[in-house]
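Data first, discussion second: the structure below is written as structure tokens.
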Amino acid sequence: MADQELLDKVISLAKRRGFVYPSSEIYGGFAAVYDFGPYGVELENAIKRFWWLHMVQAREDIVGLDSAIFMHPRIWEASGHVGGFSDPLVECKKCHTRSRADKMLNEIGVEADEKISIEEINRLIVQNKDKIKCPQCGTNDFSHAKKFNLLVKSNFGNFTEDMTENPVYLRGETCQGIYVNFKSVLDSSRVKIPFGIAQIGKAFRNEITARRFIFRTREFEQMEMQFFTSPEEEMIQYEKLRQERWEYYKALGFNMTNLRWKKHENLVFYAKEAYDIEYDFPWGFDELEGVHARGDYDLSQHSKFSGTDLSYVDPNSGQKFMPHIIESSSGVGRLVLAILCDAYSEDEKNSEKRIFLKLQKTLAPVQVAVIPLARNKPELTQKAKQIFDSLKWAFRAEYDNSGNIGKCYRRQDEIGTPACVTIDFQTLQDDTVTVRDRDTAIQERVSVDKLISFLNT
């Protein structure tokens, strides 16, 4: 199917089946903010559990953290966000739509990365004026580009209501909370370099162009791990992390032909190496996760601005050094979107088109649905409830009597449920049920006492 067609179908399914809703919809919506519905939050949670299992639980050298959203404003000065966390903004002179100039240039094949100057941006816009169109009205008359800082200001702890003086910010990324807690984690736990700190949490950016559904939003959730190492071991650990992250996406069940590595050619001054894992979204390959070697910049900056020595003394060699950092950073929302796009499937059953999400069981919002053949038969519904009660502690289970059996199957297919268990009149006679497989629609008779083990295979 056409790329835009796929995106439209995924968006339609996401809302229809309770994965994602436009935030504040009854008030007309709120730009670039979304709510995750009953099945969306289950998919989110499954992704986060899977990430935490692989990143923290299965590792002896990585610990967890949950840092605050509000942090001391000097942190954002030290990190460079106050002075340099900006995107180039242009405004359409006809309809006043604001857009990111670098993205508009990239869309027409003109390279413009985060290091490009405003002067160069404006030169390229003039040079390619006939090719660049306003996404809203289609004209090509724009204002000069200017820098727009993405940090979201707050009046947190400010009782003057003046946010221009000593502003406090909602965090623009979660990793700064890891950096400023590095010493506390080191002092209070048994970790030694090399080790990592991981966390999952909300971040906020006043994005100029927040389009493409949940790929880029102004409120989002990050999954980040910062790994601290000696200067000599930095690139060894970096290549190890790159390999581990690629295997992680295999374990998630992705079609790996839809993923690729993209190397950053124009690095920021402190970075040694930077790669992105990109997914082939309906609009083309775009970033899913960043894996970067950051050197000692981050801890050096916080040492300088805070006056706290964040260097590390190796207990064996006595060597003192500022730890170098390698990181893995990904957004939950765009991973949800990539998984939905990758899993979206259509086929034909009994001359009828069928839509289903081919999710692996680990991620499926509902892992097994229990369905009585007839919802108006108390003997069937009572038995179905009993079986549901026996399954709900072993799986993410759902009792579904929302319609006839065909409608229930179609609904469960669309939310990606791997198995449906149907309770019929034969169940009352021999204590067996029908188990239907989502991908093949093949049905198999299974004894109730063997049901859990069967579903686990």
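Here are the numbers:
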read-out	value
Number of the condition not met by Lys349 [criteria: (1) more than 21 Å from the chain's Cα centre (by Cα); (2) more than 30 Å from Glu273 (Cβ to Cβ); (3) crowded, with 18+ Cβ neighbours inside 10 Å]	(3)
Residue in the range 183-192 that is under 30 Å from Arg294 (Cα atoms), crowded, with 20+ Cβ neighbours inside 10 Å and at pLDDT 90 or above present	no
Any helices (runs of 4 or more DSSP H) falling wholly within the range 59-107 and containing at least 2 residues that are of a type in the set (A, V, I, L, M)	73-78, 101-107
Out of Ile208, Ile197, Ile178, sole residue that is of a type in the set (Val, Ile, Thr), under 29 Å from Leu13 (Cα atoms) and under 20 Å from the mean Cα position of the chain (by Cα)	Ile208
Selection within the range 294-310 - in contact with a Leu (Cβ under 9 Å, 6 or more places away or on another chain) and among the hydrophobic types (A, V, I, L, M, F, W, C)	Leu299, Leu310
Close pairs (7 angstrom Cβ cut-off, 6 or more residues apart or separate chains): outside any loop (DSSP other than H, G, I, E, B) in the range 147-158, modelled with pLDDT of 85 or more and of a type in the set (Ser, Thr, Tyr) anywhere	Val152/Tyr169; Lys153/Tyr169; Ser154/Tyr169
Of the criteria (1) out of contact with any Lys or Arg (no Cβ under 6 Å at 6 or more places or on another chain); (2) at pLDDT 95 or above; (3) not charged (D, E, K, R), which one Trp283 fails	(2)
Strands (runs of 3 or more DSSP E) contained entirely in the range 252-303, each with at least 2 residues that are in contact (Cβ under 8 Å) with a residue 60 or more places away in the chain and surrounded by 14 or more Cβ atoms within 10 Å (Cβ to Cβ)	273-281, 284-295
Conditions (1) more than 29 Å from Leu170 (Cβ to Cβ); (2) touching a residue at least 60 places away in the same chain (Cβ under 8 Å): number failed by Trp246	(2)
Test: residue in the range 199-208 that is closer than 30 Å to Lys358 by Cβ and either of a type in the set (D, E, K, R) or at pLDDT below 95 (or both)	yes
Search result, residues across the range 3-52 that are over 20 Å from Lys358 (Cβ atoms), among the aliphatic types (A, V, I, L, M) and not in a helix (DSSP H, G or I)	Ala31, Ala32, Val33
Members of the range 74-105 found to be under 14 Å from Glu173 (Cα atoms) and hydroxyl-bearing (Ser, Thr, Tyr), listed by number	Ser79, Ser86
Residues located in the range 428-452, provided they are without any contact (Cβ under 8 Å) to a residue 40 or more places away in the chain and of a type in the set (Lys, Arg)	Arg436, Arg445, Lys450
Filter result (surrounded by 17 or more Cβ atoms within 10 Å (Cβ to Cβ) and not in a loop (DSSP other than H, G, I, E, B)) within the range 193-215	Phe195, Gly196, Ile197, Ala198, Gln199, Ile200, Gly201, Ala203, Phe204
Residue check, Ala112 surrounded by 13 or more Cβ atoms within 10 Å (Cβ to Cβ), in contact with a helix residue (DSSP H, G or I) (Cβ under 6 Å, 6 or more places away or on another chain) and farther than 29 Å from Gln226 by Cα	no
The one condition in (1) touching a residue at least 60 places away in the same chain (Cβ under 8 Å); (2) closer than 30 Å to Ala145 by Cβ that Ile197 fails to fulfil	(2)
Residue match in the range 44-65 (condition: under 24 Å from Ala203 (Cβ atoms), in the same structural domain as Val185 (by TED's automatic domain parsing) and surrounded by fewer than 13 Cβ atoms within 10 Å (Cβ to Cβ))	yes
Qualifying residue in the range 397-416 (condition: among the aromatic types (Phe, Trp, Tyr), touching a Phe, Trp or Tyr at 6+ places or on another chain (Cβ under 6 Å), surrounded by 20 or more Cβ atoms within 10 Å (Cβ to Cβ) and at negative phi)	no
Leu124, sole failed condition from (1) assigned to a loop (DSSP other than H, G, I, E, B); (2) over 24 Å from the mean Cα position of the chain (by Cα)	(1)
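The values are calculated or read from the model by the stated rules, or taken from the named source; none is laboratory data. None of the values given here were measured: they were computed from a predicted structure. Please note: Cβ atoms are built from the backbone with ideal geometry, for glycine as well, and neighbour counts cover all protein chains shown.
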